[in-house]
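Reviewing the structure listed below.
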Amino acid sequence: MLAALALCVGMGAAVDAVPLGGTAEPDSHAGQHDPDATVAAIVALVDAGHFRQAESAIDLALSARGNSVDAQQPVLFERERMRRILMDFTLEPADVEQQLRRQIPDLRAAEVDAWSQSGLLEHRLIDGRTQYFKRAVSNLFRISPEAAARRAVQTPFRDGPMESANAHHVAIAETALSSAQSSVLPQRIRVTQSLTVNADAVPAGEQVRAWIPFPRQIPGQQEDIRLLQTEPDKAQVAPVSAAQRTVHMEKPARAGTPTEFSIQYEMTVYGRYHQIDGDRVQSTADDPDLAESLAERPPHIVFTPALRAFSRNVVGDETNPYRITQKLFAAVDRIPWAGAREYSTISNISEHALRTGHADCGQQTLLLITLLRLNGIPARWQSGMVYSDSQVGGADRADYWNLHDWGQVYLAPYGWVPMDVTTGRLPGAMDGQGRSLEWFYLGGLDAYRIAFNDDFGTQFQPAKRHFRSDNVDSQRGEVEWSGGNLYFDQWTYDFNAEVLRP
């Protein structure tokens, strides 16, 4: 069986090979870490777009594994992963051309070919058919200035209010420097989060189990978290030690009626800022207490040959940990943001971000974490929500909120400091004293975000019984019933944060 799978993988690798910057799925590299070579071979078939071969391999593997649930799960997930990939890659070539012509009436066929071949129009070859990512066209205008310039109507992109320097950044930096405190300007917020399962997604009378993300207690960043109410009333809050914290609730489904869950809580959020003197930063590459944040962590933090080569090109002969961090931060910041496919469908997120040449916040963060660890600099994950109000976003952005991922880097003697490579540098930003704020997000954070997670890919408490919809991050929530997981197309979520003025 293994020999047959290896032959299939070897045949597939040549078919879909593309240069760096193309759109074929990167090598997962799972095989060199996963002792189960059968699963690694199936993963490679799925990554290569050979779904029919993967289905045959899955059937063969399941028959060989008997009835052991633990042994079958990783194999069954590859079948689920293919289903999810097909839900992300829904566009035919004709669909893409039609969408493009709506914005570029004089579109030329050669342009479509060039954008596809360069990977700017994200697509995959699945069983010999070209399938485009459902957000390929909207992403194209973000990652290609040439394509954006061809639009008949130049409508601006709607980004968050923290993407450019504003008075909030200045106030945090000035207050931190004048007070010699790294956590400043606390503000109390009240948050309501909800999750609504589609009517009849679950048979009437069956128990629906939901997990809604809930903030972690993080001294100096977010504190005094108080759960005010839940719907339904009975709820289980994960302990403060849970790296991906949630509130778990259950209620029975009713025929013809959506199943609704919600939570409301208050918390205090701080702005953070460290003015880092690079000459003082010392290496901690050999610190055993930081070993976990320096190590590879397959499948998404792996020191692959491509990442090593990229790192060498960016870092050069620099040896100072802070200067290396700045170089890598700037390099990842230059990768344009684009809407991402579901994380559960990607076998190695950090290399995927490097290979495709565009990424969303979580992909950029995992890429930067991997590069930092590769250079002996401890780094780790954070994620949750960002939001706004009229004070920082103006009247037109007062209702802004979005999922967001960022991280932390350890720089001795400062300790763990924030890093948000997606919000990135703020070129030309200055405070009232003429001090540069370009690197605000390398050592600082705004006070308009909530961290639900201090790690990725960890178990919920209580644990899910079925596959998660997102097995990496936890921001929207998760739902299941006795018949299995409910994927993102079967429910919706909402978020509202209100700053409580004194």
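Assuming E231 fulfils every condition listed in (1) open to solvent by less than 50 Å² (accessible area, probe 1.4 Å); (2) closer than 21 Å to A497 by Cα apart from one, which condition is it?
(1)
Enumerate the strands (runs of 3 or more DSSP E) found wholly within region 108-208, keeping only those where 1 or more residues are open to solvent by 50 Å² or more (accessible area, probe 1.4 Å) and of a type in the set (K, R).
Where strands (runs of 3 or more DSSP E) fall fully within region 108-208 and carry at least 1 residues being open to solvent by 50 Å² or more (accessible area, probe 1.4 Å) and of a type in the set (K, R), they are 129-132, 183-197.
Which number in (1) surrounded by 14 or more Cβ atoms within 10 Å (Cβ to Cβ); (2) at pLDDT 95 or above; (3) within 30 Å of F261 (Cα to Cα) marks the one condition that D224 misses?
Tallying (1) surrounded by 14 or more Cβ atoms within 10 Å (Cβ to Cβ); (2) at pLDDT 95 or above; (3) within 30 Å of F261 (Cα to Cα), D224 fails exactly one: (1).
I'm trying to understand the selection: among the residues of region 399-413, which are within 15 Å of D159 (Cβ to Cβ) and open to solvent by less than 60 Å² (accessible area, probe 1.4 Å)?
Y400, L403, H404
Being open to solvent by 10 Å² or more (accessible area, probe 1.4 Å) and closer than 23 Å to I189 by Cβ is the filter here; which residues of region 240-273 pass it?
Of everything in region 240-273, those that are open to solvent by 10 Å² or more (accessible area, probe 1.4 Å) and closer than 23 Å to I189 by Cβ turn out to be V240, A243, R245, H248, E260, S262, Q264, E266, T268, Y270, R272, Y273.
Would it be correct to say that A451 is in a loop (DSSP other than H, G, I, E, B), among the aliphatic types (A, V, I, L, M) and touching a strand residue (DSSP E or B) at 6+ places or on another chain (Cβ under 9 Å)?
Spelling it out, it is not the case that A451 is in a loop (DSSP other than H, G, I, E, B), among the aliphatic types (A, V, I, L, M) and touching a strand residue (DSSP E or B) at 6+ places or on another chain (Cβ under 9 Å).
Hey, does region 76-83 have a residue that's buried (at least 17 other Cβ atoms within 10 Å of the Cβ), at positive phi and either part of a loop (DSSP other than H, G, I, E, B) or modelled with pLDDT of 95 or more (or both)?
No, because not a single residue in region 76-83 is buried (at least 17 other Cβ atoms within 10 Å of the Cβ), at positive phi and either part of a loop (DSSP other than H, G, I, E, B) or modelled with pLDDT of 95 or more (or both).
Taking R355, is it charged (D, E, K, R), buried (at least 18 other Cβ atoms within 10 Å of the Cβ) and assigned to a helix (DSSP H, G or I)?
Considered against the rule, which asks whether it is charged (D, E, K, R), buried (at least 18 other Cβ atoms within 10 Å of the Cβ) and assigned to a helix (DSSP H, G or I), R355 comes out as yes.
Matching residues to (1) among the hydrophobic types (A, V, I, L, M, F, W, C); (2) in contact (Cβ under 8 Å) with a residue 12 or more places away in the chain:
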| site | (1), (2) |
| --- | --- |
| D289 | no, no |
| E296 | no, yes |
| P299 | no, yes |
| F303 | yes, yes |
| A306 | yes, yes |
| E318 | no, no |
| T325 | no, yes |
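For region 454-464, indicate whether the set of residues that are in a loop (DSSP other than H, G, I, E, B), under 23 Å from A199 (Cβ atoms) and at pLDDT 95 or above is non-empty.
Checking region 454-464: at least one residue is in a loop (DSSP other than H, G, I, E, B), under 23 Å from A199 (Cβ atoms) and at pLDDT 95 or above.
Could you tell me which residue of region 473-496 is farthest from I263 (Cα to Cα), considering only residues that are among the aromatic types (F, W, Y) and in a strand (DSSP E or B)?
W481
Would a scan of region 65-75 turn up a residue that is touching a Lys or Arg at 6+ places or on another chain (Cβ under 6 Å), outside any loop (DSSP other than H, G, I, E, B) and either open to solvent by less than 50 Å² (accessible area, probe 1.4 Å) or of a type in the set (A, V, I, L, M) (or both)?
yes
Within region 89-102, which residues are surrounded by 19 or more Cβ atoms within 10 Å (Cβ to Cβ) and out of contact with any strand residue (DSSP E or B) (no Cβ under 7 Å at 6 or more places or on another chain)?
Listed by number, the list holds a single entry, L100.
Residues in region 363-382: is at least one touching a Leu at 6+ places or on another chain (Cβ under 6 Å), modelled with pLDDT of 95 or more and open to solvent by 10 Å² or more (accessible area, probe 1.4 Å)?
Within region 363-382, one or more residues are touching a Leu at 6+ places or on another chain (Cβ under 6 Å), modelled with pLDDT of 95 or more and open to solvent by 10 Å² or more (accessible area, probe 1.4 Å).
Among the numbered criteria (1) of a type outside the set (S, T, N, Q); (2) touching a residue at least 60 places away in the same chain (Cβ under 8 Å); (3) touching a strand residue (DSSP E or B) at 6+ places or on another chain (Cβ under 8 Å), which one does K134 miss?
Result: K134 passes all but (2).
With the checklist (1) under 14 Å from the mean Cα position of the chain (by Cα); (2) surrounded by fewer than 17 Cβ atoms within 10 Å (Cβ to Cβ); (3) among the small types (G, A, S) in hand, flag the one item A338 doesn't pass.
Condition not satisfied by A338: (2).
Tally time: how many residues in region 165-188 are touching a residue at least 12 places away in the same chain (Cβ under 8 Å) and either among the charged types (D, E, K, R) or closer than 14 Å to R272 by Cβ (or both)?
The number of residues fulfilling the criteria is 16.
The values are calculated or read from the model by the stated rules, or taken from the named source; none is laboratory data. The shown structure was predicted, so the numbers you read here are calculated from the model rather than taken from an experiment. In this analysis, Cβ positions are derived from the backbone assuming ideal geometry, glycine residues included, and neighbour counts consider all displayed protein chains. Heavy atoms of the whole protein, side chains included, go into the accessibility calculation; ligands, DNA and RNA do not. Shrake-Rupley method; radii C 1.70, N 1.55, O 1.52, S 1.80 Å.
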